[in-house]
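Working notes, beginning with the structure itself.
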Amino acid sequence: MTQPQHQLNRSQRRAREKSARRTATRMDQRQYHAYQARARLWAKGAVATGRHIGDKFEGEWEFPAHVPADKRESVAEYATHAPLRWRVIARLVLRYDDGQEMREADAECGQAQKIGELMELREQLMRELKAAVNARYVWDSYYVMECLG
């Protein structure tokens with residue numbers, strides 16, 4: 001049973017990283033590019049929905065039907081750490097006395113970046129949304145990130 005990355009101690013993380021480096025060095029350039037192309041294909045269309053917890057983006061993943069169920073965890077891992085193009089949507093849920101409303105702002109990142117590098121863009125979109133509404137009615141806020149490949 002594998003533990004999530006954040007629960008591993010230092011020696012376990014180092015052993016895992018060393019194993020990953022060994023696997024990568026065993027591949028020749030052609031195999032590596034084929035692996036990268038396949039991983040990008042599977043990551044395309046994946047959607048991460050979540051929030052900022054501390055300095056990290058944490059949430060749940062949804063995958064298109066073409067991604068095999070046994071590959072979803074590794075595709076999410078690849079999409080989290082590889083530079084890809086993203087569509088970022090900031091959503092703000094407002095709850096009034098007579099109902100609720102959802103507002104959103106989105107932006108496409110034309111340059112390939114990692115999820116962690118998009119934190120400033122996500123926060124900027126959320127600041128713009130919150131500036132346009134009465135803060136008293138803000139009920140929830142979260143981000144949706146769609147991988148464009």
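The values are calculated or read from the model by the stated rules, or taken from the named source; none is laboratory data. What you are looking at is a predicted structure, and each value in this text was computed from that prediction instead of being measured. Reconstructed Cβ throughout: ideal geometry from the backbone, glycine too, with neighbour counts over all protein chains shown.
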Exercise. Counting just the residues of region 96-143 that are among the basic types (Lys, Arg) and in a helix (DSSP H, G or I), which one comes out farthest from ASP55 (Cα to Cα)?
Worked result: ARG136
Problem set entry | Qualifying residues in region 26-46 (those that are among the aliphatic types (A, V, I, L, M) and surrounded by 14 or more Cβ atoms within 10 Å (Cβ to Cβ)) - the one farthest from ARG85 (Cα to Cα) | ALA39
Problem set entry | GLU146 vs. criteria outside any helix (DSSP H, G or I), of a type in the set (Asp, Glu) and farther than 25 Å from ALA20 by Cβ | yes
Exercise. For region 53-79, what are the residues that are touching a residue at least 60 places away in the same chain (Cβ under 8 Å), surrounded by 11 or more Cβ atoms within 10 Å (Cβ to Cβ) and more than 11 Å from the chain's Cα centre (by Cα)?
Worked result: none
Exercise. Does GLU108 satisfy the condition of being without any contact (Cβ under 8 Å) to a residue 60 or more places away in the chain, touching a Ser or Thr at 6+ places or on another chain (Cβ under 6 Å) and surrounded by fewer than 16 Cβ atoms within 10 Å (Cβ to Cβ)?
Worked result: no
For this session: Look at region 31-58 and say how many of its residues are modelled with pLDDT under 85 and either assigned to a strand (DSSP E or B) or touching a Leu at 6+ places or on another chain (Cβ under 9 Å) (or both).
Result: 5
Exercise. What are the residues in region 1-17 that are farther than 20 Å from THR80 by Cβ and at pLDDT below 75, if any?
Worked result: MET1
